[in-house]
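Below you'll find the structure, written out as structure tokens, and then a few comments.
The values are calculated or read from the model by the stated rules, or taken from the named source; none is laboratory data. The shown structure was predicted, so the numbers you read here are calculated from the model rather than taken from an experiment. Counting neighbours? That spans all protein chains shown, and the Cβs are built from the backbone with ideal geometry, glycine included.
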């Protein structure tokens, strides 16, 4: 026999995150009220049962009434503090009323003066656990949320009593949410979406290989070999082979497909990022229709963060390869930078809006047995943590490399732009014995060129490694829940996502087989003389020599 007592708390301190997502106090209070109050009170008999000071609120904070609140399912499940107090009082009522425990009457009287529930024995007659049992069973019975654990089967019809209340508390504390569905949105993590990313990564690796092979690798190999063997003949042969290969249909197809792919994937990355921000913005309900639980929100957000971060590496790889080949396209760099900024917003600055998402659940995830409020399945959180639901750990942990690589690409473009502006096609007039060196002359030295070459090669290798890591993690995502039947449904949006890469692949194959289209000039233009545009540049008179003046 144990004497029970109460204690009042103004705030319950929670401090827990889920994969970097800070779970608000409000949502952790929901989780504790639904799943942990019964077990906690039973297993800690010497600790006073906590009642939240502002719980049992029926609309008037100055007139709290737990009898009114807990006898009405709509009021009881309307706020976490209401459910918290009702579960605490119901547990003590069951342990003290028909059970063998006693209650500290002085503590009980003090709580009754504030919350107006009478005695715990009287409160037990409200049959709160019947509402709790019906609500929990109705919530898990809906296949949308998952399934009901076998541990709860005995409470489907049988009432909760002092003999089985401990078993009920244990069932709600862990097995109940272990049977919950992750609530994966097929438009975010369906097979079609993930397959589209896999195709993108493989396509980038293939086209980058073809592009580098036809533009620089053979020549670079000749240079490296000659530096060790001092064989200029072999070097010249490699240069000749490289020049010959660069004029083939395959080379032109690779170059054209690389540019097309970069345009497509840069727009694809930017579009996905913008859509993700809109979907997971707390004040916007667009795209949240398939998210009916808090865990679903967190899990889908985690997957989308990983996909967007992994999707940045193929975009950077293609841009790197193009820069190395001298193809510095401002508009492709612009979309890369835009995608980078959006990725940063999603992974670093987009927080979970608990109030907005709770309002969303009250509209799309209602359970009649819970008074038209979301049921317990909507609030499964940390106790659902499993290794099989943990994705993109390496990619998200290494997302800082995206910031470094994009910054290097921006600096490279700015240096090239400044260099061509300062020493582009303008004629230099330098006095005899004068110095025409610019601020970029240091980069023209042999040592600087070698260092820069090694640096950019290391950056390319880093991006390729991250692409392979992303591929591995995406394959794991495709295999998700294979033991539970897997995600085999393909929606219209998923098919569209996969089809975005088909034009690039078809164009590459056509150019490789048939070659580029040859323009035939009309005969009327055959006799037209060529026109050379001559541009003069002003220069200082001091640079004019007498010979040039004559």
(1) at pLDDT below 85; (2) assigned to a helix (DSSP H, G or I); (3) surrounded by 21 or more Cβ atoms within 10 Å (Cβ to Cβ): which one isn't true of residue 183, the others all being true? (2)
For the structure I just gave you, tell me whether residue 169 is outside the structural domain of residue 38 (by TED's automatic domain parsing) and over 30 Å from residue 322 (Cα atoms). no
Of the residues in region 139-166, those that are in contact with a strand residue (DSSP E or B) (Cβ under 8 Å, 6 or more places away or on another chain) and at pLDDT 85 or above number 2
Quick check on region 256-265. Is at least one of its residues modelled with pLDDT of 85 or more, in a helix (DSSP H, G or I) and under 19 Å from the mean Cα position of the chain (by Cα)? yes
Does residue 326 satisfy the criteria of being over 30 Å from residue 80 (Cβ atoms), modelled with pLDDT under 85 and not in a helix (DSSP H, G or I)? yes
Within region 93-110, how many residues are touching a strand residue (DSSP E or B) at 6+ places or on another chain (Cβ under 8 Å) and crowded, with 24+ Cβ neighbours inside 10 Å? 1
Residues of region 136-146 being touching a residue at least 12 places away in the same chain (Cβ under 8 Å) and closer than 10 Å to residue 377 by Cβ, in sequence order, are 136, 138, 139, 140, 142, 144, 145, 146
Quick check on this structure: which one of 208, 238, 177 is without any contact (Cβ under 8 Å) to a residue 24 or more places away in the chain, out of contact with any strand residue (DSSP E or B) (no Cβ under 6 Å at 6 or more places or on another chain), crowded, with 19+ Cβ neighbours inside 10 Å and in a helix (DSSP H, G or I)? 238
Residue list for region 389-415, restricted to those being over 21 Å from residue 471 (Cα atoms) and touching a residue at least 40 places away in the same chain (Cβ under 8 Å): 408, 409, 410, 412, 413
A careful count of residues in region 60-92 that are closer than 15 Å to residue 35 by Cα, touching a strand residue (DSSP E or B) at 6+ places or on another chain (Cβ under 6 Å) and part of a helix (DSSP H, G or I) gives 4
Test residue 106 against the criterion of being closer than 23 Å to residue 2 by Cα and either without any contact (Cβ under 8 Å) to a residue 40 or more places away in the chain or outside any helix (DSSP H, G or I) (or both), and give yes or no. yes
Only one of 101, 134, 113 is touching a helix residue (DSSP H, G or I) at 6+ places or on another chain (Cβ under 9 Å), assigned by TED's automatic domain parsing to the domain that holds residue 37 and more than 21 Å from residue 45 (Cα to Cα). Can you tell me which? 134
Count of residues meeting criterion [within 21 Å of residue 77 (Cβ to Cβ) and touching a residue at least 24 places away in the same chain (Cβ under 8 Å)] in region 147-174: 10
